[in-house]
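Working notes, beginning with the structure itself.
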Amino acid sequence: MLGEYPIRGRRAAEISASVEGAVAAGELRAGQSLPPMRELAERLGVNANTVAAAYRVLRERGVIETAGRRGSRVRAKPATTAREELHVDVPEGVRDMAAGNPDPALLPSLAGAFAEAAAQADREPVLYGADPEEPGLVRRARADLDADGVPDGPLAVTSGSLDAIERVLSAHLKPGDTVAVEDPGWGSLLDLIPALGLRTVPVGVDDDGPLADGVRSALAAGARALIVTDRAQNPTGAVIGAARARALRTVLAAHPEVLLVEDDHGHRIVDLPLHPLAGTTRSWAFVRSAAKAYGPDLRLAVLTGDPVTLDRVRGRQRLGPGWVSRITQRAVARLWDGGAVDTRAVSAAYGTRRTALIDALAERGITAYGRSGLNVWLPVPDETGAVARLLHAGWAVAPGARFRISAPPGIRVTVSTLTGAEVTALANAIAAAVAPGPSRRYV
């Protein structure tokens, strides 16, 4: 059953560490079955309860899953084999179109805002017991949320979108609960969920975001939470439009107990209107990150939601990091107030680059997608071969396996720094690497 790998240990912690280490090293493969608990207990000479405790730890860490009489097996995408490992090493001289970063030339200067924030900190030091949120940032964020129709609610500041989402999920769910996620979707999120001991159920995506029928099926099957991306969906660039938002609200209204989490990381780099779903269910959270518009290293996002959710998140945050640096919060507030990012100009720049590549590919018989954001998504019949051929041709792109659960194969091309002079060469390289065929949906 386990080939040549022997599970070792006398205590639950030792047994679970043995299995987790084997998974991380590739000695236990995804989908591989583990011995029944009594059988392993006899083999190791320990009590069956010790093995049961080890398996419970492994389930909670997202390493294994248990399916009734079929027993326990290594997860298809265990938390110890992060999707970030499915990356392309970019050799010298190869153009990197895989990283997913914003264009540094479109990021604002941070020096002035941080100098002012630091000067204020010298005059008014933030000490233990101070408010965790900077009032100026709260006012600015709340005004933007109000303008976009996001329901009123308390506000917290977290260390980026993923930190916010992790805290919200942990505040409501327990190991074994199921979370409905976009497929294809954000690779880091698809890693996080099993790491929390949660299960994922995929929901298909088109240009208008998650498909309402897919969400309906996932919630009817018992999903306790739904995570959606409002704009600049990674990797497809989808945007939830007015009609899709109405359809999704109708579905959610029939499941008021579901936790709804919205990620609007496209704020300030997308000028398409927001159509929030927040408030449709009793428990909801809405997060906006500063990463794409102001710089990933800021590690800052604002989070709002229903009072119970925010109270739980802030309470747990107090027992961990305490708060996000008020100096950083003040600097971001100054950037927002000073109009450091021209949303229309930034959106237009990224839009020009996406459109140029999509149009050039269409001329070569290749369908690609990207309504907003930094990326273009291409369905392909063989993503491994396409990635390898493009790398040989001097272009590094991201393999779709980083973003997929059950969606068909694809590749993601980050166009944030694509120049007009490069479009033809990149389109030609993709055409040579991907066999042309009929248009393919990415759901």
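The values are calculated or read from the model by the stated rules, or taken from the named source; none is laboratory data. Nothing here was measured: the structure is a model prediction, and the numbers come from that model. Virtual Cβ from ideal backbone geometry, glycine too; neighbours counted across all protein chains shown.
Looking only at segment 255-291, residues that are assigned to a loop (DSSP other than H, G, I, E, B), among the small types (Gly, Ala, Ser) and within 18 Å of the chain's Cα centre (by Cα) come to 2 in all.
Among the residues of segment 100-111, write down those that are surrounded by 12 or more Cβ atoms within 10 Å (Cβ to Cβ) and either in contact with a Gly (Cβ under 7 Å, 6 or more places away or on another chain) or without any contact (Cβ under 8 Å) to a residue 40 or more places away in the chain (or both). Passing the criteria: LEU107, LEU110.
Given the condition of a type in the set (A, V, I, L, M, F, W, C) and not in a helix (DSSP H, G or I), answer yes or no: does some residue in segment 310-317 qualify? No, segment 310-317 contains no residue that is of a type in the set (A, V, I, L, M, F, W, C) and not in a helix (DSSP H, G or I).
The C-beta contact set for segment 384-407 (first residue on the phi > 0 side of the Ramachandran plot and at pLDDT 95 or above, second residue buried (at least 16 other Cβ atoms within 10 Å of the Cβ) and aliphatic (A, V, I, L, M), distance under 7 angstrom, 6+ apart or interchain) comprises GLY394/VAL94. If the condition is being out of contact with any strand residue (DSSP E or B) (no Cβ under 7 Å at 6 or more places or on another chain), part of a helix (DSSP H, G or I) and not hydrophobic (A, V, I, L, M, F, W, C), then segment 1-55 contributes GLU14, SER16, SER18, GLU20, GLY21, ARG38, GLU39, GLU42, ARG43, ASN49, THR50. Of the residues making up segment 129-146, those that are more than 15 Å from ARG334 (Cα to Cα) and either β-branched (Val, Ile, Thr) or free of Cβ contacts under 8 Å to residues at least 60 places away in the same chain (or both) are GLY129, ASP131, ASP146. Any residue at all in segment 34-45 that's surrounded by 16 or more Cβ atoms within 10 Å (Cβ to Cβ), out of contact with any Leu (no Cβ under 7 Å at 6 or more places or on another chain) and of a type in the set (D, E, K, R)? No, segment 34-45 contains no residue that is surrounded by 16 or more Cβ atoms within 10 Å (Cβ to Cβ), out of contact with any Leu (no Cβ under 7 Å at 6 or more places or on another chain) and of a type in the set (D, E, K, R). The residues on offer are ASN428, ASN375, and the sole one that is closer than 15 Å to GLY100 by Cα, modelled with pLDDT of 95 or more and not assigned by TED's automatic domain parsing to the domain that holds PRO202 is ASN375. Please go through segment 162-189 and give me each residue that is over 18 Å from GLY315 (Cα atoms), assigned to a helix (DSSP H, G or I) and not hydrophobic (A, V, I, L, M, F, W, C), ordered by number. Passing the criteria: GLY187, SER188. For segment 320-368, the set of residues classified as of a type in the set (A, V, I, L, M, F, W, C), modelled with pLDDT of 95 or more and outside any helix (DSSP H, G or I) consists of TRP323, VAL324, ILE366, ALA368, listed by residue number. Quick check on segment 213-229. Is at least one of its residues of a type in the set (Ser, Thr, Tyr), over 18 Å from the mean Cα position of the chain (by Cα) and not assigned by TED's automatic domain parsing to the domain that holds GLY410? Yes.
In a residue-by-residue description of segment 90-110, the property of being modelled with pLDDT under 95 and of a type in the set (Asp, Glu) applies to at least one position.
Filter segment 232-269 for residues that are farther than 25 Å from ARG404 by Cβ and either surrounded by 24 or more Cβ atoms within 10 Å (Cβ to Cβ) or of a type in the set (A, V, I, L, M, F, W, C) (or both) and give the result. If the condition is that a residue be farther than 25 Å from ARG404 by Cβ and either surrounded by 24 or more Cβ atoms within 10 Å (Cβ to Cβ) or of a type in the set (A, V, I, L, M, F, W, C) (or both), then ALA242, ALA243, ALA253, ALA254, HIS267 are the ones that fit. All of ALA12, ALA53 fail the test of being crowded, with 19+ Cβ neighbours inside 10 Å, at pLDDT 85 or above, of a type in the set (A, V, I, L, M) and touching a Ser or Thr at 6+ places or on another chain (Cβ under 9 Å), apart from ALA12.
Considering ALA333, ALA293, ALA368, ALA301, the condition of being in contact with a Leu (Cβ under 7 Å, 6 or more places away or on another chain), surrounded by 23 or more Cβ atoms within 10 Å (Cβ to Cβ) and either of a type in the set (A, V, I, L, M, F, W, C) or in the same structural domain as GLY160 (by TED's automatic domain parsing) (or both) is satisfied by ALA368 alone. Between ARG371, ARG404, the distinction of being touching a strand residue (DSSP E or B) at 6+ places or on another chain (Cβ under 9 Å) and either assigned to a helix (DSSP H, G or I) or within 28 Å of ALA218 (Cα to Cα) (or both) belongs to ARG404 only.
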